[in-house]
Amino acid sequence: MKLKRAPILVLTCFLLLCSLVKAQNINRQMVALLQEELHNSHADTARIRILVELGKYQLYKAGEAKADLDSSQHYLQAAAQLSDSLGQQVWKHEIKSLVMVLTMERGDSAGGRKIYNHLIEECRRTNDKATEAATLFRMGIWERVRFGSYTKVLHAYARSMQLYKELHDTLNEIKMQKEIAWMHLTEGKNQLAEDMLLEILERYKAAGYKKLHYTYNLLSVASRVKGDNDKALLYAIASVESMQATKDTLSAASFYGDLARIYEDVGNHKESIKYFQRSLDTWRQEGLPNFAMFFAASKVVREMISQGHAREALELINRLQSEVPPITLIQHAIIAQTRAHCYEALRQYPLAEKYYLSALHKFQEADMDFEGSQQLQQHIGRFYLSRGDYQRAGTFLRKALSYYPQKNAVSSLMDIHYMLYKVDSAQNDYRSALNHLRLNKELSDSLFDENRSKQFSELEVKYQTVQQEKNIQDLNNQSSLQAAQLRQAAFKQHVTLGGIAVLVIISGLLYYLYVVKNRHNKELEVQQIKIESKNNSLQQLVGEKEWLLKELHHRVKNNLHMVMSLLESQSAFQRNDDAVQAIAQSRDRVYAMSLIHQKLYQTDNVSTVDVAEYLRELVAHLKDSFDNCSKIRFDLQTERIEIDISQAVPLGLILNEAITNCIKYAFPANKKDNVILIHMSDAADGQVQLVVADNGIGLPPDFNSKRRESLGMRLMAGLTDDLNGIFTVRSENGTIITVVFARSEIADMPAASTDLNAMSFSA
């Protein structure tokens, strides 16, 4: 299945891989056994089952190769003919459900939807709830992968879960609940997804279900994206152990790769490379092209480069591409990115730049907006930084940072902030440099504090202990157990004695460092006491003021969210489309205001809003609110501008109205290459200029900007007056809305908390 669109979380290559794992539940070895069974089978329902499984295997292979789809059609047609001859109505429906997927895989979406509508109607007429539930699930996968339609997918999954509940099919009901949790994870709703997955885990255990590794794996991903790597490591280890206990190794390569990435995040490089290598070896045994395989190969290649074997690393990726040719854009992208690393290590910089930009182009062409895309921007930024090209380095690093933080690993954000600190320092933007350094330190402290380091060590010891116990158990089955135990005891004795000697030396060094550190600290204490006596009272007053302001913004945000919930509840009882649309517009306007108070509550600066960050989240909300946004590309060209709250609220409402109008009215249904440009920059004499433009159909011929007949136009014009600004709208290859206003002087003043932090840092 060629994945053209994925959400922006986590998520990681893992979420792409899961699409294939969910649909593809057999491997090549199982296929060989099925073909042997088919050869010896009779014309009965067992033969239908074999034909259907073989058809599914060919259907859900990665990519959309015509030969695979033709083979799938051959098996499904044979199964349909046998089902008709035996009068098996349930099998007939199941086969038609798979034919629906086959039709859409061939590019005939309309034909697939026609089969879907007819099949759902037939299942309801014959009360075939099981096939209806399975068909809703399959259509949900299609809607999510092709169009990113979260609302439609969640509705389909909820209906499927209800049908399984009515059938008392507990395991499939829980499976659909897990699919809904997974959808929330891809949306970036990490806490909600984690809460649901914990509930699912308990339900599985209560039902006696043993294959818990898939749920543990999702919990690991959710924890990793949140930056809670102690829990992520715990769940990843539990996933591997559950897989080994049940001998269900179908997704072993995926689980090894995820464990490797967590070890990478916590700095255990040795274990990380070991599991990336194990993941790569497992994928190569299967011999099918997969993004996760090429991603694991890229990690192994970079390890070879670090050891001075760049040329051998280049040969490895070239050989792998020859053995298992890539078939999707993102697979070609990760290979190009890996080659770029090799050429950079070989100091062939023009080739390295060529392959970096080629990989970026392929990710953009595939419209893939996930963690792998962010890391590519990060690597390109590092490449230009190492070459001293700070302008381009900053451009790519800020693009990497623009990915929504709740969907990216904390370790990646930490690295990006540190490189931006170097970029801004080189360009003499010291205020921004210090801000990035502060954010890097905060993320570093949250990721590597002392308690977590201790937990990581405990978890690794537990895991290594389990592995050693398994090895000892295997030795019990060998005839030479006694001799092996004696050798092991002698070895442990030597290791213990050596360890004690090393411990004594280390203890002496630690004591010496402790004495030196205490002496230095006493000298600093005198200076620190003087500084603290001056800062304490001021910090206390400022801290109380900032806390009160944050609490105020928090409560305002909560009240606005309550208003939004009331509007959504009211919308559910409306039957008039105009009323529903009006409520939806009001909800979006309330969200635009609540987002400002949310940003003020979440940041140290309680008086100004970063417009660039605010705009990204507002656009993301509007994209989720309208179904046609999958066909629109948003081009955000916003400088880093701090706006006072008194101006941020009317500005946010203007942005909401302007972008909403573009989404709703600018583009006809058959138009392609739809673009909405949002540009905001500092103009002359302290002015700020906002431009929202589209390349759509433009304004009506009889439009008169002075009359401002629509509510949206009157609202934008009135809000611009509140800003003491100038509002214009005109047609020019589409519609262009321009707002120019003078920025408040408050936004230009440094925050008190920032000054205090700077004073403490200097001291």
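Every number in this text was worked out from the coordinates using simple rules, so none of it is lab data. Bear in mind the structure is a predicted one, so any value in this text is a computation, not a measurement. Positions of Cβ are backbone-derived with ideal geometry, glycine not excepted, and every protein chain shown enters the neighbour counts.
Once the C-beta distance of His269 and Gln77 is scaled by a Förster radius of 51 Å, the resulting FRET efficiency is 0.45 to the nearest 0.05.
Across every direction, the projection of the convex hull enclosing the Cα atoms of the range 103-163 has a mean area of 3.8 nm². Whole-Hz Karplus values for the range 726-742 come out as 10, 10, 9, 9, 8, 9, 6, 6, x, 10, 10, 10, 10, 10, 10, 8, 8 Hz, taken residue by residue from phi with 6.51 cos²θ - 1.76 cosθ + 1.60 and θ = phi - 60°; glycine and proline positions read x. Applying the Karplus relation 6.51 cos²θ - 1.76 cosθ + 1.60 with θ = phi - 60° to the range 649-660 yields 3J(HN,Hα) values of 5, x, 5, x, 5, 4, 4, 4, 5, 5, 5, 4 Hz, where x marks Gly and Pro. Once backbone amide H atoms are built at 1.01 Å from N, Thr735 has Asp694, Gly696, Gly698 as its partners under 5 Å, excluding neighbours fewer than 5 places away on the same chain. Remark: the Glu323-Ala669 segment gains 120.2 nm on full extension, using 0.36 nm per residue and subtracting the alpha carbon distance. Taking amide H as placed 1.01 Å from N in the peptide plane, the amide H of Ala742 sits under 5 Å from that of Val688, each at least 5 places away or on another chain. Each of Ser432, Ser254, Ser744 was scored by other Cβ atoms within 10 Å of its Cβ. Arranged with the fewest first, they read Ser432, Ser744, Ser254. Of the residues Met716, Met161, the one with the fewest other Cβ atoms within 10 Å heads the list, and the complete ranking is Met161, Met716.
Distance between the 7 Å Cα→Cβ label points at Ala620 and Ser109: 2.5 nm. Binning the alpha carbon pair distances of the range 29-111 at 10 angstrom intervals from zero yields the distribution 19, 50, 27, 4, expressed in whole percent. Panel order for Thr728, Thr338, by other beta carbons found within 10 Å of each beta carbon, from fewest to most: Thr728, Thr338. When +1 charges are put on Lys and Arg Cβ atoms and -1 charges on Asp and Glu Cβ atoms, the dipole computed for the range 242-342 relative to its Cα centre reaches about 140 debye.
Distance between the 7 Å Cα→Cβ label points at Asp248 and Leu346: 4.4 nm. Look at the Cα gyration tensor of the range 158-215: its axes a ≥ b ≥ c give a/c of at least 1.5 with a/b at or below b/c, and that counts as oblate. Neighbours of Met304 by Cβ distance under 12 Å: Lys/Arg scored +1, Asp/Glu scored -1, total 0. Our estimate of slack between Asp635 and Gln89, defined as 0.36 nm per intervening residue step minus the Cα-Cα distance, is 191.4 nm.
Here the label points at Leu357 and Ser444, each 7 Å from Cα along the C-beta direction, are separated by 3.4 nm in the simple model. Sequence-ordered 3J(HN,Hα) estimates for the range 423-428 from the Karplus curve with 6.51, -1.76 and 1.60 and θ = phi - 60° stand at 4, 5, 5, 5, 9, 6 Hz, glycine and proline given as x. Applying a threshold of 28 Å to the alpha-carbon distances of Lys399/Lys422; Lys61/Lys354; Lys61/Lys226; Lys178/Lys441; Lys61/Lys270 flags Lys61/Lys354; Lys61/Lys226; Lys178/Lys441; Lys61/Lys270 as lying beyond it.
Between the C-alpha center of the range 269-317 and that of the range 177-232 there is a gap of 28 Å.
Note down the net charge around Ser386, summing +1 for each Lys or Arg and -1 for each Asp or Glu among other residues with Cβ under 12 Å from its Cβ. Residues near Ser386 contribute +2 overall.
Ellipsoid fit via the Cα gyration tensor, the range 627-748: semi-axes of 25, 17, 12 Å, each the root of five times an eigenvalue, largest first. Distant-in-sequence amide contacts of Val324, defined by a placed amide H-H separation under 5 Å and a gap of 5 or more residues or a different chain, comprise nothing.
Within the shell defined by Cβ-Cβ distances under 10 Å, the residues around Ile737 carry a net charge of -1, with Lys and Arg each +1 and Asp and Glu each -1.
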